[in-house]
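These notes concern the structure reproduced below.
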Amino acid sequence: MDKTYDPKAIEKKWYHSWEKQGLFAPSGEGKPYTIMIPPPNVTGTLHMGHAFQDTIMDILTRYHRMMGDNTLWQPGTDHAGIATQMVVERNLKAKGETQTRHEMGREKFVEKIWEWKEESGGQITQQLRRMGASLDWENERFTMDDGMSAAVQKIFIKLYNDGLIYRGKRLVNWDPVLKTAVSDIEVENIEEQGFMYHVRYPFVEGEVDGKTHMHIATTRPETILADGALAVHPDDSRYDAVIGKEVWVPMTDRKIPVIRDEYVDPEFGTGCVKITPAHDFNDYQVGQRHEMEIINLFTPDAIMNENAPQAYQGMDRFAARDKIVEDLKVAELLERIEPHTLKRPYGDRTGTVIEPYLTDQWFVKAEPLAKPAVEAVTSGKVRFIPSHHEKTYFEWMNNIQDWCISRQLWWGHRIPAWFDAEGNFYVGESEHAVREQNNLGDIELTQDEDVLDTWFSSALWPFSTLGWPEESERLKAFYPTSVLVTGFDIIFFWVARMVMFGIYAMGEVPFKDVYMHGLVRDNEGQKMSKSKGNVLDPIDIIDGISLEDLVSKRTSNMMQPKLAAKIEKATRRQFPEGINAHGTDALRFTFCSLATMGRDVVFDMGRAEGYRNFCNKIWNAVRYVTQNVEGKDCGLTGEVTLSVADRWIISELQKAEQAVHEAIESYRFDFAAQTIYEFIWNEYCDWYLELTKAVLYGDSDELAMRGTRRTLVKVLEAALRLLHPIMPYVTEECWQTIAPLAGVSGESISTSAYPLPEVDKRDEAAEADIVWFKAVLLAIRRIRSEMNIAPSKPLPILLTEGSADDRSRVEAYQTMMIKLGKLESFDFATQDVPESAVALAGDLKINIPMKGLIDKDAELERLQREIDKRGKEQGILSGKLGNEKYVSNAPAELVARDQARLATLDDEITALQAQLTKIQAL
RNA sequence: AGUCGCGUAGCUCAGUUGGUUAGAGCACCACAUUGACAUUGUGGGGGUCGGUGGUUCGAAUCCACUCGCGACUACCA
């Protein structure tokens, strides 16, 4: 074995081998355990969020697989309609394609997307493999596969027949760049500085109630041209005289009435508002109530259309705004413009301003589906972890809006509806089917051009991947799934809709637990984004990357090239040496240790480095064990004697195993990581390995040597299995060496059994002995360090004032103490001891004769520090115990414990004080 | 405006139903080093737990108010 751990050398080898051996397929035995991967965009690449999420899912998957469950982690990718279509359009352009999408035509363009999917589609799944993700690749799915498409069609038809899908002309969120409708949740409302325009609407009658005009304010003056009315609140007496009167719509020759409507807030502004039914969601409602004419001003790409006055036609919406403001000024209808903070709706894909737009679309009637979905969570059938996310879920579900599912795109599942020449439509599996079902003869039919929202097919993921609508064995075995691991940011997009559709289609919830993790942020707590130039690629943390490569990666293909210099500077400052290779295991362990409840993950490279060192620690522990055990009798059969250290580490292992089980079962991945880290490094390596040297390099008898070798190798073997779900590679590589030495056989650690704690291996006596032993050694080391005595220099030592227990322990463990404490001689003295440096370990007084070793001042100072420290604690405790209410109210054992502690402190202080006096007198 | 989350060491984070002297990793300081490991070892310094008030024998933990940060939802004419 090499002296240092090199992740590169082992990772690829093992993943390939696991996959080839088919170790990731469900075993077919045990109780089912299922996780569905949230399907990443098929043409995407792995980012830190994926890496984090996939690490958690893989830990759960590997854990359950090793626990003997029939474990499935279902892989797959999403067609991601809008995102993919945009990427391909951009790509074609970059490749020198002169034809636009529309010139090319639907069929050819979709063909290009499939080509692109084939070309780049493997990247993210390869990256998942790099992460060590143990997905059942044999059954990989894609949301546009035939089977998946059949499921989409089936459920669409079912929903339609049940009256839960309808088609209608509604005001929807319209993206004028993509020229498609999007759903409410695809719109981001961003606060920005804008203006409020105060406009006058002259009365048709010239003067009413002593006024010549109505005064309203708007942030969107260009929509004035489509106004249907002015409105005031019904109870607003200020406007009694003007109700029913007409005003001129500025810049037009249209007249509109002043009406009353509850919607108006009389407190706000002038208490009078313009109503523009075609261009505002609220106004649309008002317009419906008052049967207003709906005037749409825009073409699908938000250019002023023929409904606008001639002068504005053909203008972009923003240019039109500028023009109308100018025109209002000239006409003296603009009272003033004031700065105003407003929220503007942006499309989350295109970043363009979304328009409310009146079109024909398909909708899912959400309320009937939401009811049982809410019930599933209130009843506990679906559990959110952490639970506070339930609130967000309920909030949305209880105010749910109908879901606009049609998109005017080409990449996606085509809507299974056909139109005749009169505009009647028929929903069914195919053109042939709808003809038959509706007795249409041979009239001309054309299929709806629209495709479905990507999230429509995603909502079916938990069962469509398992073969639904076929009643497959997989479906029976693995639905409902065990846990959904996902980010809180897609509760609405995905989680809620899966629950609704799962219950609707399957009659059962799609998952029992929903583990919601936070966002992965950069070291400053910023969201990672290309435009900020702070993106980390998980693969770069695994393999390492030079500074120059990192800089060019971060500054290439920028939307705003201006930022490149700034990004370069920040990158050079943060990573002056580039990024070192850490390996997959270290990255996974970092995520695991940061996976705490309900909190974003601020990625800390320092931690990743620490955990790479941890890998190296394990690696070298394996080397040590191998060197001392290979070719020797490890007592796997026959008689052995176990030393106190052997019994202690075995006992500690049981505790660690118990803690790890509890941690993983309760999704406390950070606890699991910490427990294993501490066990391996702080107990097994720091103490146990050192203790075995006293046995193995000493003159112990053969039974003891065999016992120690056996323990050394067995405990390590179990610890590797314990760690495997978090660090699959290094544990596999090491296990292949260690398992045979421990008498354990098997192809791979990943299909070996997860260690279970055994109560009868707990040994509290051994634990107590080692606690004592550590206290003594720590005391000795501390004196050494504080007195500046070279650690290598062997010391004589005298022990005094110990109890009978101390004496027998000193007797029993002195070989080990001499070794680890670098002690020269060792006596339990009863007679007067010479002037010494003194440390206390319980009752035991450790005296290191100081003549010629240490200086008086340093020792006095040290003793005083020890006394002060105890004095402080003594003060607190005696105060507490002097409080009668504490003594009478607190649990008795707490008081007893404090009293005992106080007594010890008193004794210790007396002893130290005496020592101090003694030294002073020298 | 409403809801939720967060604020603990220089940094990144733990801290289970209130109960020893509030912990870890990284960073820092000192010392060490032929023997599993410098991707190391040993020892050390560093925190009025955002603030104020309250409940309690006892508060990082519970309550109220408050400051700061973040997210989400709705509205903003």
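The values are calculated or read from the model by the stated rules, or taken from the named source; none is laboratory data. Given the structure is predicted, the values throughout are model-derived calculations rather than measurements. Glycine gets a Cβ as well: all are built from the backbone with ideal geometry, and neighbour counts include every protein chain shown.
Odds and ends about this structure:
- Residues of region A:461-473 satisfying the condition of being touching a Lys or Arg at 6+ places or on another chain (Cβ under 9 Å) and crowded, with 23+ Cβ neighbours inside 10 Å: A:Trp461, A:Ser464, A:Thr465, A:Leu466
- Selected residue (only one of A:Lys872, A:Lys845, A:Lys856, A:Lys885 is near RNA strand B (Cβ under 10 Å from one of its atoms) and modelled with pLDDT under 85): A:Lys872
- All positions within region A:601-644 that are part of a loop (DSSP other than H, G, I, E, B) and near RNA strand B (Cβ under 6 Å from one of its atoms): A:Asp604
- When the strands (runs of 3 or more DSSP E) confined to region A:752-850 are screened for residues that are of a type in the set (A, V, I, L, M), in contact (Cβ under 8 Å) with a residue 60 or more places away in the chain and touching a strand residue (DSSP E or B) at 6+ places or on another chain (Cβ under 7 Å), those reaching at least 2 such residues are found at A:836-841, A:844-849.
- Every pair of residues 6+ apart whose Cβ atoms lie under 9 Å, when the first sits in region A:1-27 and is farther than 16 Å from A:Lys617 by Cα while the second is within 13 Å of RNA strand B (Cβ to nearest atom) and modelled with pLDDT under 90: A:Ala9/A:Asp2
- Of the residues making up region A:575-594, those that are buried (at least 18 other Cβ atoms within 10 Å of the Cβ), in contact (Cβ under 8 Å) with a residue 24 or more places away in the chain and within 13 Å of RNA strand B (Cβ to nearest atom) are A:His582, A:Gly583, A:Asp585, A:Ala586, A:Phe589, A:Phe591, A:Cys592, A:Ser593, A:Leu594.
- Every test in (1) modelled with pLDDT under 95; (2) buried (at least 22 other Cβ atoms within 10 Å of the Cβ); (3) touching a strand residue (DSSP E or B) at 6+ places or on another chain (Cβ under 6 Å); (4) not small (Gly, Ala, Ser) is passed by A:Leu445 save one, and that test is (2).
- Filter result (surrounded by 14 or more Cβ atoms within 10 Å (Cβ to Cβ) and not in a loop (DSSP other than H, G, I, E, B)) within region A:83-105: A:Ala83, A:Thr84, A:Gln85, A:Met86, A:Val87, A:Val88, A:Glu89, A:Asn91, A:Leu92, A:Arg101, A:Met104
- Extreme residue, surrounded by the most Cβ atoms within 10 Å (Cβ to Cβ), among residues of region A:686-736 that are at pLDDT below 95 and part of a loop (DSSP other than H, G, I, E, B): A:Ser700
- Scanning region A:204-225 for residues that are within 25 Å of A:Gln193 (Cβ to Cβ) and either in a strand (DSSP E or B) or of a type outside the set (D, E, K, R) (or both) gives A:His215, A:Ile216, A:Ala217, A:Thr218, A:Thr219, A:Pro221, A:Thr223, A:Ile224, A:Leu225.
- Hey, A:Lys553 surrounded by fewer than 18 Cβ atoms within 10 Å (Cβ to Cβ) and modelled with pLDDT under 90 or not: no
- Hits in region A:233-279 (condition: within 20 Å of A:Glu207 (Cα to Cα), aliphatic (A, V, I, L, M) and touching a residue at least 24 places away in the same chain (Cβ under 8 Å)): A:Ala241, A:Val242, A:Val247, A:Val249, A:Met251, A:Ile256, A:Val258, A:Ile259, A:Val273
- Test result for A:Arg497, within 18 Å of A:Ala151 (Cβ to Cβ) and either within 16 Å of RNA strand B (Cβ to nearest atom) or out of contact with any Pro (no Cβ under 7 Å at 6 or more places or on another chain) (or both): yes
- Residue within region A:501-516 that is within 15 Å of RNA strand B (Cβ to nearest atom), of a type in the set (Gly, Ala, Ser) and either touching a Phe, Trp or Tyr at 6+ places or on another chain (Cβ under 9 Å) or touching a residue at least 60 places away in the same chain (Cβ under 8 Å) (or both) present: no
- Subset of region A:226-253 (residues that are in contact with a Ser or Thr (Cβ under 6 Å, 6 or more places away or on another chain) and more than 15 Å from RNA strand B (Cβ to nearest atom)): none
- Tally of residues being closer than 23 Å to A:Cys592 by Cα and acidic (Asp, Glu) across region A:604-651: 2
- Residue in region A:255-266 that is hydroxyl-bearing (Ser, Thr, Tyr), within 18 Å of A:Ala320 (Cβ to Cβ) and under 44 Å from the mean Cα position of the chain (by Cα) present: no
- Residues of region A:445-478 satisfying the condition of being within 17 Å of A:Glu429 (Cα to Cα) and of a type in the set (A, V, I, L, M): A:Leu445, A:Val451, A:Leu452
- Condition broken by A:Glu11, with the remaining ones in (1) under 22 Å from the mean Cα position of the chain (by Cα); (2) surrounded by 21 or more Cβ atoms within 10 Å (Cβ to Cβ) satisfied: (1)
- Considering only residues in region A:379-413 that are β-branched (Val, Ile, Thr) and more than 9 Å from RNA strand B (Cβ to nearest atom), the one that is nearest to A:Lys117 (Cα to Cα) turns out to be A:Ile405.
- Residue match in region A:544-554 (condition: part of a loop (DSSP other than H, G, I, E, B), of a type in the set (A, V, I, L, M, F, W, C) and away from RNA strand B (no atom under 16 Å from the Cβ)): no
- Residue check, A:Val640 β-branched (Val, Ile, Thr), closer than 23 Å to A:Tyr813 by Cα and in contact with a Gly (Cβ under 6 Å, 6 or more places away or on another chain): yes
- Conditions (1) surrounded by fewer than 18 Cβ atoms within 10 Å (Cβ to Cβ); (2) at pLDDT 95 or above; number of the one not met by A:Ser666: (2)
- Residue check for A:Glu449: farther than 26 Å from A:Pro368 by Cβ, out of contact with any Phe, Trp or Tyr (no Cβ under 9 Å at 6 or more places or on another chain) and assigned to a loop (DSSP other than H, G, I, E, B): no
- The residues on offer are A:Glu786, A:Glu767, and the sole one that is within 14 Å of RNA strand B (Cβ to nearest atom), under 19 Å from A:Glu859 (Cα atoms), in contact with an Asp or Glu (Cβ under 9 Å, 6 or more places away or on another chain) and acidic (Asp, Glu) is A:Glu786.
Conditions tested, residue by residue: (1) under 27 Å from the mean Cα position of the chain (by Cα); (2) under 20 Å from A:Asp360 (Cβ atoms).
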position: A:Ser134; (1), (2): yes, no
position: A:Val152; (1), (2): no, no
position: A:Trp174; (1), (2): no, yes
position: A:His233; (1), (2): no, no
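- The residues of region A:517-543 that are hydroxyl-bearing (Ser, Thr, Tyr) and either away from RNA strand B (no atom under 16 Å from the Cβ) or in contact with a helix residue (DSSP H, G or I) (Cβ under 8 Å, 6 or more places away or on another chain) (or both) amount to a single one, A:Ser531.
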